[in-house]
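Okay, structure first, notes after.
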Amino acid sequence: MSKLRQRILARYRRLYADIDTPAILDMGHYFPAHAALAAQTGALRDEALRVLGDNPNIPRFHDITTTQTRISAEDGKNWRLFVVKSYGHVIRANAAQMPVLAGFLAGHREVTSAMISYLDPGKHIPRHRGPFRGILRYHLCLLAPAGGTDTGPWLEVDGQRVPYREGQGLLWDDTFPHEVLNPGDHARIAILLDIRRPVTRPRQRALFRVVMAGGRLASMALEGRMRVTPRPRPPKSLNRE
């Protein structure tokens, strides 16, 4: 990491130094819409599986941005991201493939980014931490056949290990150290959302606007890497007697 980037991240953290919320947060308080999203787990799972079947080349995180190579490519297994919204910028071609998720996002402007995360069996995302406390991270597990068992996937945040279970969500602060492992023989699929952290200090609101504006511009520049075009479906055969 460059010294300039280190200085910028240190300043980000100082501006949010008065926030003392824990690593894992109360979804009902900070993201009350989580219940409406979780209620659609089945439909969202169907969409995510259809997207995976139609798009064999969903980009890996480090295909989108090389700055994520360390956490995305360290073990040779795939961590693919189907991005629907990034820093407020909607990838319309992708959103059209997930109408249930897109409909939810249209009614919830507090969600700044949204994507489907596909982890290969055996995939490990090493311990790391995010730079910006202006957002909170929400996961909704859509597929984890071995969830809650010794071979099931898990997320560990600030030393607290939480197993993925289908239909269950978690809201957490990704500036705390965290890692993910999918140790079993099945893929893990989850929705990842970034939620705007509610703050009252003008300097924090101003920083949020600056970060979102910069992220939106970067997302627009990288849209070609995030946009996924479904492969053509074979025409249905006509049975004639």
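The table below lists the values:
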item: Some residue of the stretch 194-204 being of a type in the set (D, E, K, R) and touching a Ser or Thr at 6+ places or on another chain (Cβ under 7 Å); result: yes
item: Subset of the stretch 132-154 [assigned to a strand (DSSP E or B) and either touching an Asp or Glu at 6+ places or on another chain (Cβ under 7 Å) or over 22 Å from residue 39 (Cα atoms) (or both)]; result: 135, 136, 137, 141, 142, 143
item: Hey, residue 13 over 16 Å from the mean Cα position of the chain (by Cα) and in contact (Cβ under 8 Å) with a residue 12 or more places away in the chain or not; result: yes
item: Residues that are in a helix (DSSP H, G or I), surrounded by fewer than 18 Cβ atoms within 10 Å (Cβ to Cβ) and in contact (Cβ under 8 Å) with a residue 60 or more places away in the chain, drawn from the stretch 64-99; result: 93
item: Pick from the stretch 100-131, criterion part of a helix (DSSP H, G or I) and touching a residue at least 12 places away in the same chain (Cβ under 8 Å), ranking: surrounded by the fewest Cβ atoms within 10 Å (Cβ to Cβ); result: 100
item: Residue within the stretch 187-203 that is in a loop (DSSP other than H, G, I, E, B), within 15 Å of the chain's Cα centre (by Cα) and modelled with pLDDT under 95 present; result: no
item: Members of the stretch 155-186 that are in a loop (DSSP other than H, G, I, E, B), among the small types (Gly, Ala, Ser) and buried (at least 18 other Cβ atoms within 10 Å of the Cβ); result: 184
item: The stretch 48-61, subset free of Cβ contacts under 8 Å to residues at least 60 places away in the same chain and closer than 13 Å to residue 226 by Cβ, residue surrounded by the fewest Cβ atoms within 10 Å (Cβ to Cβ); result: 60
item: Qualifying positions in the stretch 7-47 - farther than 24 Å from residue 135 by Cα, of a type outside the set (Lys, Arg) and buried (at least 17 other Cβ atoms within 10 Å of the Cβ); result: 47
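The values are calculated or read from the model by the stated rules, or taken from the named source; none is laboratory data. None of the values given here were measured: they were computed from a predicted structure. Using ideal geometry, Cβ is built from the backbone for each residue, glycine included, and neighbour counts are taken over all protein chains shown.
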